[in-house]
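Values in this text are rule-based calculations from the coordinates and carry no lab data. Since the model is a prediction, treat every value here as computed from it, not as a measurement. In this analysis, Cβ positions are derived from the backbone assuming ideal geometry, glycine residues included, and neighbour counts consider all displayed protein chains.
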Amino acid sequence: MITIDELRASVHEALHYLKGRKEVIDAEVFASWNDLITIRINYTSDIPSNGVQEPKSLQSYGLGVLALFKRGGRREVGFGSVTNDLSIGGVSEALTKAKRNMVFDPDFKSLPDTITIPTLQRYHDNRVMEMSDQDTVDLGWKVLKGSLETFNNGGYKKTIIIGGDVTILKERVAIKSTRGVDGFDETTSLSANITAMIEKEKVKGTGWSLSTHLDSFHPEEAGREAAESAIRTIGGRRIKSGKYPVVFGNQPLADLATNVLLPSLSLASVNASNTPFLGKLGQKISSPNLHIYDDGSMKGEIGSTRITCEGLPTGRTDLVANGTLVGFLANSYFGEKLKNSLYHPLPRSGFRYTSMGRDYKVKAGISPTNVMIEGSIETTRDELIKQIKNGLYVGRIWYTYPINGLAIGDVTSTIIADSFLIRDGKIATPLTPNTIRINTNIKEVLQNIIGITQEKRSTSVWGSKVVVIAPEIAVSEVQLESIGL
Amino acid sequence: MKPNSKIIDTLKSTVSEIVQKQAKSLRESSYFDLRLGIGEFKSARSENGTSKEALDDYEASFGIRVIAGEISSWGFYGQSLGRKDLKPGELERLLLSGIDTAYGRAKANAKRKSEFKKIANALSEVRLAKIKVCQETIPAEFEIDPRGIPLQKILKTSMNASKQMKALDPSVQFASTTIKTAITRELFCSSEGAVIDQSLPVTQGVVYLSAQQGEASPEVGYDYVGDVRGWEVIEGKNCYNSNFLDFALERTRDTVDLAGAEFLKTTEEEVVVVTNPHYNTLLVHEIVGHPTEADRVLKMETAYAGRTWLFESQERNEIGKRIGSPLVNAFSDPTRRGYGYYTYDAEGTPAKAITVIKNGVLKTFLNGRETAAILGHEPNGSMRATAPSMVPLVRMTNTIFGPGRKNPKNIIKEVKDGYYIHNYRTPSISESREHFRISAQKVYKIENGKLVKLYRGGGIMANSKDFLMSVDAVGNDFKMFPIPTCGKGQPMQIMRVGNGGPTLRSKARLTGC
């Protein structure tokens, strides 16, 4: 394990070394240590299985140098990194690579300057940093306990499936640059994302828990929630194809946001002319009730970090206000490239995420952190369902993609769990999973929002680092297709 | 000098000895294996003719899987490696520490498994199906060594392509290309005595562009060339038989044409569709490749990528049953050249070709040693990991629809009223892969055997079995394409696979905008 003091000392010494190199105009050193532990869960009551399939971890540390060089009459930029080496020898090797890799990029303006002071302080959990292997393995078994006890108590013992994982990410980063950036950060995050099924009943339920601290992390509850949701949806019915008013629960809204909406609100997509919101800045793109912002400085959310991977303090980036598109997620590179006299984006979204977390091996791209979706006027879940009167409550969708490319905005997905028919303003019969495909367009979804709940839940979806603080939203006129065997 | 793949020559005996020595000393372990790999790569990216990024570097890592404990269970440890770690003494220290961690996790896991057995009686010990234990060195095969290509040449090739793409038509708003060429070398040693040293070249080029006409939505194009070969892939030895520049310009022309085309409308009823080999690449990937991966079959992916409609239980499944018309055949073959090529999988099982669907009847699943043991099947060597530091998963290989005998021109000529679905774009699949919606780059209306009109934003959707059962013509124009971005697992692993097929004719609903 590498300490934060070691990382800070390393970037300090590295910068001193780089400042002494004549060929270097400007440089930034980013060092990180990551430990990603995954406890994968697989229990099948009718097939031999392991319960906890495998406790595993990936560990890495090192540093990356992004440097501007003089070559001929122009400035060129290069990046190089080294693994498991924080010494001056390592810095020298990274610089050699950066020099070997340098290119002339006319759009690269400069390394970022520091702007404000970070607000988050000491928000990680030292207990997580120091957890033993036995304790981490136990978190996986706690999930199973929650699900199995719930199923057993309900008398469901056959065709049971319990899957998912407990994931623990420990990160330490430090950064220093010739432009005055000087920051460090330590984060811990814990997540349990669980799916439980009773196959013979064709039902599936979802449960999850996200936390930065062990005390508020409840894997057993996530297991219980998944099993309870599966039991609750027994006896499902199919519905016919058509346009329906739909309440999207926390998970479906997070899925739509993660896979379609937020990629559309990134300056990287604007740069590639690959967003349905091209040229829409300052225009209405949704119901006037909708607000969306990204905020990496919210205490207690696992998407929070003290600083970005460009060393800038995290904070709030407004994306949609009163239904008007007011901003895009930006890093320093795209912020500088695409700014104009009317729009000067703050680069609060420059992160070096890989599957390992914040990773010294790559340069900063654009990633959301915690995304808040809220309404000017908010209501309760019961009122929302009453408002819909007859329609569908969707609790979990799957394989959500911008099917005809992001720029067109068409979205498709299937409803796989946790869903119900709404009749006479009340939750009625469960919907049979895997029998409905949603075929819609993200622009229509935003325009057709007719209600937003006050209650929200932090939610993340498979393969993504973003946390969506998701309400439940009611949307009119959603095209649903009856599918399945 | 940067570390390179030759370093495995000096480390091989050290690693092999550590594994054999530890195999004797870990008293509660029944099996363990170790993978140590190094990849040397060069890559470059450009936009609109300007350079964006160049990289000449290496990546090294190792991963250890241990089975141990009272009711034997898995434990795993993976780690990245740097230059200083690749010296025999330091490497030995790291490997021993990694083995110790994986062993400790396996024992801790087994202890809890034993306690939970009271409330979860399906909990079982891990068993691995037997394989032939091999010791072999497989060198990388290429015509032009990726290591010999100067970084500047890669950058210039990328820049030239994106510059010409941008200049092709005023409607092109953005043109980007990325090229990467690499050699990976991976050493696999197991407590059973396997020592497999396998090297593979990989070369890939990606084009990404957008074109816009008037106020219409921009049309975005994205496609790749790639193969388990050297730089010759970029010079024309690829599935398109076309150099990278020509491939990039062809895709740009397609995108420009589409930007001015009418949007396709969704149909309520099924129509006759002819799907071309490129489209069938993603179709076979989604409705044959994934649903026949044995970890999905055994419900192990339920929380992530889903289950499969081909297997409910050992008693109720589709093995030996008709799931397609007699014209439908499908194979998975890592021994043939393509993006899913290799000689041994990540468990040291020799790669082999398997028939997945024969004359419309499902024959078997792709598996690894653990899933083969549960199913009572013979291991067929389908386990791979993105890097040695990650856990191997069941992955499709070169998984393809088999060729037929019909001239594809005649397949279209016989259609009075239908649609030609040309080149895949994006998939969305139901949870058990029983239904799909896959969009196409282009859709053409067929009238009286001729292509009469181009549409954008289209694709098809159907129940997987209905589509396969309705296949009434299979072309003799088999082709295989690379899919470099197949995601699976937690944490997500992105894998290269090969898929393909001939032209097919079937029925499906059209999907539009």
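At a threshold of 8 angstrom on Cα-Cα distance, excluding pairs fewer than six apart, so keeping six or more, what relative contact order does chain A reach in percent? Display every interim value, and only then the final one.
On the way: 1357 pairs, mean separation 77.2, N = 485.
Over chain A, the number comes to 16 percent.
Once you have the Cα-Cα distance between A:Glu201 and A:Lys389, take 0.36 nm times their residue separation minus that, and quote the gain in nm to one decimal. Let's see the in-between values first.
Values: separation 188, 0.36 × 188 = 67.68 nm, distance 2.74 nm.
Taking A:Glu201 through A:Lys389 to full extension adds about 64.9 nm, to one decimal.
Suppose R0 equals 56 Å. What FRET efficiency, 1/(1 + (r/R0)^6) with r the Cβ-Cβ distance, do A:Ile234 and B:Glu250 give to the nearest 0.05? Working shown, then result.
On the way: r = 53 Å, r/R0 = 0.95.
The formula returns an efficiency of 0.60 here.
Can you compute the helix-only [θ] at 222 nm over the protein assembly as shown? Use -39500 (n - 2.57) per DSSP H run of at least 4 residues, normalise by all residues, nearest 500 deg cm²/dmol.
Values: 20 runs with 217 residues, N = 998.
About -6500 deg cm²/dmol.
Where does the longest stretch of chain A lie that holds no GluC sites (Glu not before Pro) found in a DSSP loop with 16 or fewer other Cβ atoms within 10 Å? Don't jump to the answer; show the numbers that get you there.
Working: sites that count: A:Glu23, A:Glu130, A:Glu378, A:Glu455.
The answer is A:131-377.
Volume per residue, Å³, of the convex hull around the alpha-carbon atoms of the protein assembly as shown? It would help to have the intermediate numbers written out before the result.
Details: hull volume 145.4 nm³, N = 998.
Taking the convex hull of the Cα positions in the protein assembly as shown, it is 146 Å³ per residue.
Enumerate the amide H contacts of A:Val52 below 5 Å, restricted to partners 5 or more residues apart or on another chain; note that Pro and chain-start residues carry no placed amide H.
Placed amide hydrogens put A:Asn42 under 5 Å from A:Val52.
Place a point 7 Å from the Cα of A:His344 along the Cα-to-Cβ direction; which residues of the stretch A:105-126 have their backbone N under 18 Å from it?
Flagged as within label range: A:109-117.
Taking the 0 to 90 degree range and rounding to the nearest ten, how far is the long axis of helix B:151-167 tilted relative to the main principal axis of chain B, both from C-alpha atoms?
Around 20 degrees separate the two axes.
Under a 5 Å amide H to amide H cut-off, with H placed in plane at 1.01 Å, what residues pair with A:Ala470 once short-range neighbours are removed?
Amide H neighbours of A:Ala470: A:Arg457, A:Ser458, A:Thr459.
In whole angstrom, how far apart do the alpha carbon centroids of the stretch B:127-167 and the stretch B:332-386 sit?
Cα centres, the stretch B:127-167 to the stretch B:332-386: 23 Å.
To the nearest 0.05, what FRET efficiency results for A:Ile25 and A:Lys284 with a Förster distance of 60 Å applied to their C-beta separation? Please report the intermediate quantities before stating the final value.
On the way: r = 44 Å, r/R0 = 0.73.
Calculated transfer efficiency: 0.85.
Starting at the first residue of the stretch A:22-32, write each ³J(HN,Hα) from the Karplus equation 6.51 cos²θ - 1.76 cosθ + 1.60 with θ = phi - 60°, in whole Hz, x for Gly and Pro.
4, 6, 8, 7, 9, 8, 9, 10, 10, 10, 9
May I ask you to derive the FRET efficiency for A:Ala428 and B:Glu268 from their Cβ-Cβ distance with R0 = 35 Å, giving the value to the nearest 0.05?
Numbers: r = 27 Å, r/R0 = 0.78.
Using R0 = 35 Å, I get an efficiency of 0.80.
For the stretch A:4-232, what mean projected area does the convex hull of the alpha carbons give, in nm²?
Details: hull surface 65.2 nm².
Here the figure is 16.3 nm², rounded to one decimal.
Can you compute the label reach from A:Leu214? Point 7 Å from Cα along the Cβ direction, backbone N cut-off under 18 Å, restricted to the stretch A:121-139.
Within reach of a label on A:Leu214: A:123-139.
For the stretch B:7-259, what relative contact order do you get, as a whole percent, if you take Cα pairs closer than 8 Å and at least 6 residues apart?
Details: 571 pairs, mean separation 54.1, N = 253.
Relative contact order for the stretch B:7-259 comes out at 21 percent.
Stretched out fully, how many nm does the piece from B:Thr335 to B:Arg322 gain, at 0.36 nm a residue minus the Cα gap?
Numbers: separation 13, 0.36 × 13 = 4.68 nm, distance 2.68 nm.
Taking 0.36 nm per residue and subtracting the Cα distance, the gain is 2.0 nm.
Report the net charge of residues surrounding B:Arg185, where surrounding means a beta-carbon distance below 10 angstrom and charges are Lys +1, Arg +1, Asp -1, Glu -1.
Numbers: positive: B:Lys6; negative: B:Asp9, B:Glu40, B:Glu186, B:Asp197.
Summing Lys and Arg as +1 and Asp and Glu as -1 gives -3.
Take A:Ser376 and B:Ala216, extend 7 Å from each Cα along the Cα→Cβ direction, and tell me the distance between the two endpoints in nm.
The answer from the label model is 3.6 nm.
Expressed in nm to one decimal, what extension gain is obtained for the pair B:Lys132 and B:Asp466 from 0.36 nm per residue of sequence separation less their Cα-Cα distance? Please list the in-between numbers first.
Values: separation 334, 0.36 × 334 = 120.24 nm, distance 3.96 nm.
So the chain would gain 116.3 nm between B:Lys132 and B:Asp466.
At q = 0.10, 0.12, 0.13 Å⁻¹, what base-10 log of I(q)/I(0) does the Debye formula yield for chain B when every alpha carbon is treated as an equal point scatterer in vacuo?
-0.84, -1.14, -1.28
Could you give the nm distance between label points at B:Glu315 and A:His16, where each point is 7 Å from its Cα heading toward the beta carbon?
7.4 nm
If you plug each phi of the stretch A:135-141 into the Karplus form 6.51 cos²θ - 1.76 cosθ + 1.60 with θ = phi - 60°, what whole-Hz ³J(HN,Hα) values come out, in order, with x for Gly and Pro?
5, 5, 4, 4, 4, x, 5
Taking θ = phi - 60°, what integer Hz values does the Karplus form 6.51 cos²θ - 1.76 cosθ + 1.60 yield along the stretch A:14-21, in sequence order, with x for Gly and Pro?
Per-residue couplings from phi come out as 4, 5, 4, 4, 5, 5, x, 9 Hz.
If I take every Cα pair under 8 Å that is 6 or more residues apart in the stretch A:242-482, average their sequence separation and divide by the length, what percent do I get for the relative contact order? List each step's numbers first, then the result.
Working: 628 pairs, mean separation 68.4, N = 241.
Relative contact order, the stretch A:242-482: 28 percent.
Compute the Rg/Rh shape ratio of the stretch B:7-259: radius of gyration over Kirkwood radius, all on alpha-carbon atoms. The partial results should precede the final answer.
Working: Rg = 24.3 Å, Rh = 21.3 Å.
Reported Rg/Rh, Kirkwood definition of Rh: 1.14.
Once amide H atoms are built 1.01 Å from N in the peptide plane, which residues 5 or more positions from A:Ile285, or in another chain, come under 5 Å H to H?
So A:Ile285 has HN proximity to A:Thr324, A:Leu325.
PRE reach from B:Val452 (point 7 Å along Cα→Cβ): which of the stretch B:409-425 fall under 19 Å by backbone N?
Only B:410-422 fall inside the zone, counting backbone N under 19 Å.
Show me, bin by bin at 10 Å from 0, the whole-percent P(r) of the stretch B:430-513 based on Cα pairs.
With a bin width of 10 Å, the distribution comes to 14, 35, 40, 10, 1, 0.
Between B:Glu235 and B:Lys363, what is the label-point separation in nm under the 7 Å Cα-to-beta-carbon projection?
The modelled label-to-label distance comes out at 3.8 nm.
Hey, what angle do you get for helix B:88-116 against the long axis of chain B, alpha-carbon based, 0 to 90 degrees rounded to 10?
Taking Cα atoms only, the helix is inclined about 90 degrees.
On a C-alpha basis, how far is the centre of the stretch B:57-97 from the centre of the stretch B:28-48 in Å? Whole number, if you could?
13 Å
Taking only the Cα atoms of the stretch B:263-511, how large is their convex hull per residue, in Å³? It would help to have the intermediate numbers written out before the result.
Numbers: hull volume 27.6 nm³, N = 249.
Normalising the Cα hull of the stretch B:263-511 by residue number yields 111 Å³.
Taking K and R as +1 and D and E as -1, what net charge do the other residues with C-beta under 14 Å from the C-beta of A:Ala14 add up to? Intermediate values should be presented prior to the final figure.
Working: positive: A:Arg8, A:Lys19, A:Arg21, A:Lys97, A:Lys176; negative: A:Glu6, A:Glu13, A:Asp26, A:Glu28, A:Asp85, A:Glu93, A:Asp182.
In short, -2.
If you average the alpha carbon positions of the stretch A:363-425 and of the stretch A:253-298, how far apart do those two centres end up, in angstrom?
15 Å
State, in angstrom, two size descriptors of chain A derived from its alpha carbons: Rg to one decimal place and Dmax to the nearest whole number.
Here Rg and the maximum Cα pair distance are 23.8, 77 Å.
Rounded to the nearest 5, what % of the DSSP beta bridges within chain B are antiparallel ones?
About 90 percent, rounded to the nearest 5.
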